[in-house]
Amino acid sequence: MSTRLSRRGVVKVGLLGGAGLVLGASVPFRLKGDKKEAATVAPNVFVMISSDNSVTITVPKPDIGQGVRTSLAMLVAEELDADWTMVKVQQAPADAKYGGQGVGGSGSIRQTYRPLRQAGAVARAMMVAAAAKKFGVEPGQCTVANGIVRAGSKQATFGELVGDAAVLAVPTDVPLKSPEQFTLIGKPIRRVDNPDVVTGKAKFGLDARVPGMKFAVLARPSVFGGKIDSANLEAAKKVPGVVQVHEMGRSILVVADNTWAALQGRKALAAKETLTDLNQDGIRKRLIEALPPHELTGETVSAEYELPFLAHATMEPMNCTVHFKGDSVEVWAPTQAPEGTRGVVARASGIPQDKVSVNVTLIGGGFGRRFQMDFIEEAVQAAKVAGVPLQLVWSRDDDMQHDFYRPATHHSFKGTVAEGKVTAWSHNMAQCGGRARPGRRSAGLPYEIENATMASGSVDTPVPLGAWRSVENTFLGFANESFMDELAHAAKEDPLQFRLKHTRNDRLKKCLEQVAEKSNWSTKLPAGSGRGVAVFQGYGSFIAQVVEVTVKNNRIKVDRVVSVVDCGLAINPLGVDAQVQGAVIDALSTTLKAGITIEGGAVAQKGWSDYDWFRMDEMPKLETFIIPSAEAPGGMGEVGYPAVPAALANAIFAACGKRLRKLPTGFQV
């Protein structure tokens, strides 16, 4: 039957600064003859309630491991007063009707906090209206809990009300709960995908399958901007399982019946290329030369710090599956930018965007890497060349050597202290890529320092660069908080109390005070052990972290990391804890072990063997404490990283008196 939509059939569910207008367009109700037999009611694109009492929540943001398929569903279910055990979560495909779908900058909850709650509240209001009519009472006399509407002795489940709700107009201006009414938000909820992930049932990008699909890899020149000088295409074609070999731009495409055959075919190419003279020492020298001059003169405390390129090293390497269907194309993509992916597929395929379908899969890590569209565009081009449904797969080596890297940077500091406080701060930085800003500007510190400025220079290289977990804070956090520690010692002040003296934000101050208590900061450690502290504020959140280490025979052992975070209202405390733990592991690994170096114009590292991450037997005790708050939710994906490298370096200094100024250090000092 046809369904007529009025203006009330479209619900405006929010306008957010970075997310654009989020519209929950009404979905026509599916009726089976009359209202009593309605199978579902879907007042907007985020919620569908079925006659079997199940509630299907469509999550608009991709899950890159940050747990949004759980936390965002919680926002809807909270306002709906749904029975969480009856909630099903499905991933939205790329479509503008879901609003801004990109994930990054710790923005998923901040962008959708009100819109998704509004979607749930609208659905709840329809259930209440249907129940009130059924019971013969006013809606205000009804209460809702766990998917059941009650009024006195009468009650009805959501499933029983679907038929009556299906013929109601979609309401507008529905009020939201106050925080004291929350029954789900703020509770520790295990991720909805956990059972499928641990049993292997979860579908990531690499799990996509299409009838008749082939698997492909590319032999790419490892030298940035280089080309393959020679390759034996005929040898690759003779490898069992290889079905096609093609030159594709600067690369060579190998198509096979399975991934192993494709990789063996690529190996048989025996591709050769010419190296260049681009190397790490040369880049370092250029960075130092690009440092703007300091204007601060006289007797100062001085220090320099340098940080390397970093690869994202996601657990699931890049991949994309493409199926051309005549005048349309369907794609399965582990992407952080669904809408952007749809546009790239349209341009690369020559097919209009309204004929492009993008299925967003679960994603084995993003950290900014999957904002890039290189692996999407390559897959579309490869499928066009091969003429069959195709999954383009990257090996770990591919992922390591063809990334968009965190820029290498060099930092020079000068500062002065008097009467236990910082009186001047000058930070000069040079980074690969970026924009040179030689003029003095605010140093952007979380501290009250009157004369705190910075200036920056840049160096162009052919190394591709991109956002890496916490973006510029990944290197600024280490540099700023390391130098703050050096100034504290120059002032003969306790590093934590020194920070408290300068901290201007009450929420950050509270984090520092609590991390001092939780870490037993004031207690003495044995000889050879030390504690270091550092802070970060950003993405709407605040964090203070203390790292405890033991240095014995010049070997570093990380014993403990204590984190105190104020992220506003913590939607799912388990998710907050997971984000902090993951960020801490990344920070420890990139401080002591992992770094990308350039040799002969290419990345020297090829995998986990030489881009080493913390292993289980190296892990310290991790403790996370969340400060209860009614403030608006802040982001958490990036927040746990920036302070840890400096806190670790400061702890090493406390343990053995040696300053860590160049990353990664290795386990020796």
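The values are calculated or read from the model by the stated rules, or taken from the named source; none is laboratory data. All figures in this text were calculated on a predicted structure; none of them were measured in a lab. All Cβ positions, even for glycine, are placed from backbone atoms using ideal geometry, and neighbour counts span all protein chains on display. Each accessible area value is taken on the protein alone, full model and side chains, heavy atoms only, with ligands, DNA and RNA left out. Shrake-Rupley method; radii C 1.70, N 1.55, O 1.52, S 1.80 Å.
Structural remarks
- Residue that is farthest from Ala271 (Cα to Cα), among those in region 208-228 that are surrounded by fewer than 17 Cβ atoms within 10 Å (Cβ to Cβ) and not hydrophobic (A, V, I, L, M, F, W, C): Pro211
Residue-wise test of (1) more than 19 Å from Gln66 (Cβ to Cβ); (2) surrounded by 24 or more Cβ atoms within 10 Å (Cβ to Cβ); (3) out of contact with any helix residue (DSSP H, G or I) (no Cβ under 8 Å at 6 or more places or on another chain).
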position	(1), (2), (3)
Ala578	no, no, yes
Gln581	no, no, yes
Ala587	no, yes, no
Ala594	yes, no, yes
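- Residues being open to solvent by 50 Å² or more (accessible area, probe 1.4 Å) and among the aliphatic types (A, V, I, L, M) - total across region 502-557: 1
- Scanning region 264-284 for residues that are open to solvent by less than 40 Å² (accessible area, probe 1.4 Å) and assigned to a loop (DSSP other than H, G, I, E, B), we see that the one that is farthest from Pro645 (Cα to Cα) is Leu269.
- Odd one out for Asp566 among (1) within 19 Å of Phe478 (Cβ to Cβ); (2) charged (D, E, K, R); (3) surrounded by 24 or more Cβ atoms within 10 Å (Cβ to Cβ): (1)
- Of the residues making up region 164-193, those that are open to solvent by less than 60 Å² (accessible area, probe 1.4 Å) and not basic (Lys, Arg) number 17.
- Single residue of Leu296, Leu287 found to be in a helix (DSSP H, G or I), in contact with a strand residue (DSSP E or B) (Cβ under 6 Å, 6 or more places away or on another chain), open to solvent by less than 50 Å² (accessible area, probe 1.4 Å) and not acidic (Asp, Glu): Leu287
- Filter result for the condition that a residue is under 20 Å from Val393 (Cβ atoms), out of contact with any His (no Cβ under 8 Å at 6 or more places or on another chain), of a type in the set (Lys, Arg) and modelled with pLDDT of 95 or more, over Lys177, Lys214: Lys214
- Within region 273-298, residues that are without any contact (Cβ under 8 Å) to a residue 60 or more places away in the chain reach partners that are outside any helix (DSSP H, G or I) and aliphatic (A, V, I, L, M) with beta carbons closer than 7 Å, at six or more positions or on different chains, in the pairs Glu273/Val223; Glu273/Ile228.
- Filtering region 340-364 to residues that are buried (at least 19 other Cβ atoms within 10 Å of the Cβ) and out of contact with any Phe, Trp or Tyr (no Cβ under 6 Å at 6 or more places or on another chain) leaves Thr341, Arg342, Val344, Val345, Ala348, Ser349, Val356, Val358, Val360, Ile363.
- Of the residues screened, Gly457 is not one that is at pLDDT 95 or above and surrounded by fewer than 21 Cβ atoms within 10 Å (Cβ to Cβ).
- Selection of region 243-263 for residues being touching a Pro at 6+ places or on another chain (Cβ under 8 Å) and outside any strand (DSSP E or B) yields Arg250, Ala261.
- Enumeration of residues in region 486-525 that are in contact with a Lys or Arg (Cβ under 9 Å, 6 or more places away or on another chain), in a helix (DSSP H, G or I) and acidic (Asp, Glu): Glu486
- Some residue of region 146-156 being surrounded by fewer than 23 Cβ atoms within 10 Å (Cβ to Cβ), over 38 Å from the mean Cα position of the chain (by Cα), assigned to a helix (DSSP H, G or I) and of a type in the set (S, T, N, Q): no
- Selection within region 625-669 - at pLDDT below 95 and part of a loop (DSSP other than H, G, I, E, B): Ala630, Thr665, Gly666, Phe667, Val669
- Taken over region 647-657, the criterion of being open to solvent by 40 Å² or more (accessible area, probe 1.4 Å) and in contact (Cβ under 8 Å) with a residue 60 or more places away in the chain is satisfied by Phe653, Ala654, Cys656.
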